[in-house]
Amino acid sequence: MQTENAAPSEDQIDTTINTLATLQDQLIGMGESLIRALPNITIALVILVITWVLAKFAVKIADRLTNKTDIRPSLRTLLDTLVKLAIWLIGLMIALTVIMPGLTPASLVAGLGIGAVAIGFAFQDIFENFLAGVLIMLREKMRIGDVIECEGIIGKVENITLRETYVRKLSGEVTLVPNSILFKNPVEILTDDTSRRHEIVAGVSYDTDLDHAAQVIVDAVSELPMVQKDKGVDVFACEFNSSSVDFRVRWWAGSKPRDMHESRDAVVRAIKRGLDDAGIEIPFPYITHTFKEAVPIGTPDG
């Protein structure tokens, strides 16, 4: 049995024609609105170009002004960013009011406030790092060039941005550390001062006159040029070890990692040389065997 498709009714045809006519009118209206808005869009684009030029020149002027002062590099970067951000915000607000004449500055600011709350929830980590970056740049400690240690990361601070801090590890790699980590966790600044205290442990045998050995160590370390003599050299007997009496030797030298390695190398060499010259033994581990019964010692013949 064959069925024939029913022809569309006049009402359906009229509905389709009206829909197409409505769409056509809307497209024509949108096109006319776009043509009428072209002058405003052109003016807004010109405003954005002028904003870009002004931001560039303003940053250069800020750099010239700050270069004449002793301001820290991190603060200089923060000022440049804030100047650029302020100019761009003003330029964008002017451009938006030109494109949409009905938009007033008050309504725009109110809309930005509501939008900022929504964006803040969506990008909480980003804004947290941004705020932490601003606070890190404002505080006096942890300047560019300092060697720091935080959460197992040890290296030299190369750059501080509003999002992250570039830390060059002592082995050469660069670690990008989010600013929130550096702000919320304890940071040890190894080069906050030009000098810091270093220490090693040196042991002497049990039959040694400890007062004499301590004086020999003090004299040997004090003669080194990189050791700061005004802060003195400390030698403390600290432990009865298995084969030696240990001294803790402390001295002050440069705070950089290279200074630490060089001064430790020189101190170890000087202590070894001084104790050898004084005839004081630096013992290696001794092993004593105790037998409950007499052990027969055989003769070469027997």
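The values are calculated or read from the model by the stated rules, or taken from the named source; none is laboratory data. Owing to the predicted nature of the structure, the values given are computational and were not obtained by experimental measurement. We place every Cβ from the backbone using ideal geometry, glycine too, and count neighbours over all the protein chains shown. Note: areas computed on protein heavy atoms with side chains; ligands, DNA, RNA excluded. Shrake-Rupley method; radii C 1.70, N 1.55, O 1.52, S 1.80 Å.
Can you find a residue that is open to solvent by less than 60 Å² (accessible area, probe 1.4 Å), in a helix (DSSP H, G or I), modelled with pLDDT of 80 or more and among the small types (Gly, Ala, Ser) anywhere in region 48-56? Looking for residues that are open to solvent by less than 60 Å² (accessible area, probe 1.4 Å), in a helix (DSSP H, G or I), modelled with pLDDT of 80 or more and among the small types (Gly, Ala, Ser), one finds at least one in region 48-56, hence yes. The condition of being under 30 Å from ILE154 (Cα atoms) and in contact with a Gly (Cβ under 8 Å, 6 or more places away or on another chain) holds for only one of ASP246, ASP259, ASP219, that being ASP246.
Residue by residue through region 145-163, note down the ones that are farther than 15 Å from VAL187 by Cα and open to solvent by 40 Å² or more (accessible area, probe 1.4 Å). Residues satisfying the conditions are GLU158, ASN159, ARG163.
Looking at region 122-129, is at least one residue outside any helix (DSSP H, G or I) and either open to solvent by 60 Å² or more (accessible area, probe 1.4 Å) or at pLDDT below 70 (or both)? For region 122-129, residues outside any helix (DSSP H, G or I) and either open to solvent by 60 Å² or more (accessible area, probe 1.4 Å) or at pLDDT below 70 (or both): present. Here ILE282 meets the list (1) part of a loop (DSSP other than H, G, I, E, B); (2) over 17 Å from HIS212 (Cα atoms); (3) open to solvent by 70 Å² or more (accessible area, probe 1.4 Å); (4) not aromatic (Phe, Trp, Tyr) almost entirely, failing just condition (2). Specify which of the listed residues (GLY203, GLY254, GLY232) is within 30 Å of THR288 (Cα to Cα), of a type outside the set (D, E, K, R) and either open to solvent by less than 90 Å² (accessible area, probe 1.4 Å) or at pLDDT 95 or above (or both). Only one candidate qualifies: GLY203. Here region 57-91 is the region considered, the condition is being at pLDDT 80 or above and of a type in the set (Lys, Arg), and the residue that is farthest from LEU138 (Cα to Cα) is LYS60.
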